[in-house]
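Engineer: Structure provided below as structure tokens; questions to follow.
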Amino acid sequence: MPDPVDPAAPDPVNVVAAGIFGPALPQAERYAELLAGPGVERGLIGPAEAERIWDRHLLNCAAVAHLLPARCSLVDLGSGAGLPGIVLAMLLPQARVTLLEPLARRVDFLTEAVGELGLTNAEVVRGRAEDLAGQVRADVVTARAVAPLDKLAGLALGLVRPGGRVLAIKGAGAEAEVAKARPVLARLGVTDAKVVHAISPADRSTATVVVFTAPAHSGTGGAVSRSAARSLAGQPSARSARPGAAAPGRKARPNSRRGGG
């Protein structure tokens with residue numbers, strides 16, 4: 001007969017979260033509530049994910065934080081529900097984090113979450129990466145569950161400065177994605193793409209991340225044009241974009257209710 005469970009015993013996930021988030025734990029706990037509540041209700045994450053917000057999402061994203069400099073400008077491409085952007089904004093309070101997202105319902109959630117959590121180092125921008133290509137020069141671009149690497153690379157490189165870094169959180173198929181993307185990466189001048197198994201301090205959480213550096217020379221990397229970014233993403237050019245598309249680079253207003261998404 002198994003030993004009885006001690007109801008006073010701390011939840012192992014909570015213990016791990018406390019060790020990782022430290023003074024930002026109250027923010028992380030509130031964010032977990034937002035994801036499990038409004039996040040599920042608005043379709044930003046699936047209902048089944050509500051039971052594994054911490055281990056599958058928050059802790060997975062938190063493992064990436066130690067790969068980044070404490071002070072940096074960061075664009076979270078296709079931020080969605082704010083993973084990993086909001087988590088990184090909590091853990092790196094000296095970083096400037098831009099949550100880039102094209103869909104209005106997600107932008108609304110992100111705007112409300114940033115306000116609710118008091119993240120003064122984060123801003124929400126409604127727009128598409130291909131529309132901002134060559135205009136943004138972030139030190140780091142992050143992405144999670146946005147697109148296959150061969151499409152993601154061109155989008156990300158359009159937002160990062162020459163010599164900056166791209167971190168794409170992936171799953172078990174990361175090595176295969178890198179292999180498939182090699183021809184595209186070579187055309188973009190990327191030579192150092194690799195899979196990193198990020199482990200947070202004290203082995204408390206892990207993430208599989210594809211990491212590469214934007215070429216330092218001009219003509220690629222941060223200078224990827226809008227048309228090139230669209231082509232690599234398999235999307236129409238700006239001229240053939242659908243009517244009524246959001247203007248690039250528009251900052252979200254609190255509690256905005258723009259159509260679409």
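The values are calculated or read from the model by the stated rules, or taken from the named source; none is laboratory data. Quick caveat, the model's predicted, so the values are computed rather than measured. As a convention, Cβ positions derive from the backbone with ideal geometry for all residues, glycine included, and neighbour counts pool all protein chains shown.
Conditions (1) farther than 25 Å from Leu44 by Cβ; (2) modelled with pLDDT under 55; (3) in contact with a Ser or Thr (Cβ under 7 Å, 6 or more places away or on another chain), marked per residue:
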{"residue": "Val166", "(1), (2), (3)": "no, no, no"}
{"residue": "Thr191", "(1), (2), (3)": "yes, no, no"}
{"residue": "Val195", "(1), (2), (3)": "yes, no, yes"}
{"residue": "Thr208", "(1), (2), (3)": "no, no, no"}
{"residue": "His217", "(1), (2), (3)": "yes, no, no"}
{"residue": "Ser237", "(1), (2), (3)": "yes, yes, yes"}
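Engineer: Please identify the pairs in which a residue from region 21-39 that is farther than 16 Å from Pro93 by Cβ and of a type in the set (Gly, Ala, Ser) has its Cβ atom under 7 Å from the Cβ atom of a residue that is at pLDDT below 95 and exposed (fewer than 15 other Cβ atoms within 10 Å of the Cβ), counting only partners at least 6 apart or on another chain.
Structural biologist: The qualifying pairs are Ala36/Ala50.
Engineer: Looking only at region 21-55, which residues are at pLDDT below 90, small (Gly, Ala, Ser) and under 17 Å from the mean Cα position of the chain (by Cα)?
Structural biologist: Hits for region 21-55: nothing passes.
Engineer: Still on this structure, I have one more. Take the residues in region 124-170 that are surrounded by fewer than 21 Cβ atoms within 10 Å (Cβ to Cβ) and basic (Lys, Arg); name whichever of them is farthest from Ala181 (Cα to Cα).
Structural biologist: Of everything passing the filter in region 124-170, Arg137 is farthest from Ala181 (Cα to Cα).
Engineer: Okay, moving on. Which one of these is in contact with a Gly (Cβ under 8 Å, 6 or more places away or on another chain) and not in a loop (DSSP other than H, G, I, E, B): Leu74, Leu34, Leu59?
Structural biologist: On the way: Leu34 fails: in contact with a Gly (Cβ under 8 Å, 6 or more places away or on another chain); Leu59 fails: in contact with a Gly (Cβ under 8 Å, 6 or more places away or on another chain).
Exactly one residue qualifies, and that residue is Leu74.
Engineer: Looking for something modelled with pLDDT under 95 and crowded, with 17+ Cβ neighbours inside 10 Å - is there at least one such residue anywhere in region 180-187? Walk me through it before giving the result.
Structural biologist: So the first thing to find is which residues in region 180-187 are modelled with pLDDT under 95, and the list is none.
Taking every residue of region 180-187 in turn, none turns out to be modelled with pLDDT under 95 and crowded, with 17+ Cβ neighbours inside 10 Å.
Engineer: On the given criteria, is Glu101 modelled with pLDDT under 95 and buried (at least 19 other Cβ atoms within 10 Å of the Cβ)?
Structural biologist: Details: modelled with pLDDT under 95: no; buried (at least 19 other Cβ atoms within 10 Å of the Cβ): yes.
In short, no.
Engineer: For residues in region 66-78 being modelled with pLDDT of 95 or more and touching a helix residue (DSSP H, G or I) at 6+ places or on another chain (Cβ under 9 Å), which is surrounded by the most Cβ atoms within 10 Å (Cβ to Cβ)?
Structural biologist: Asp76
Engineer: Among the residues of region 172-212, which ones are in contact (Cβ under 8 Å) with a residue 24 or more places away in the chain, outside any loop (DSSP other than H, G, I, E, B) and among the basic types (Lys, Arg)?
Structural biologist: Residue satisfying the conditions is Lys180 alone.
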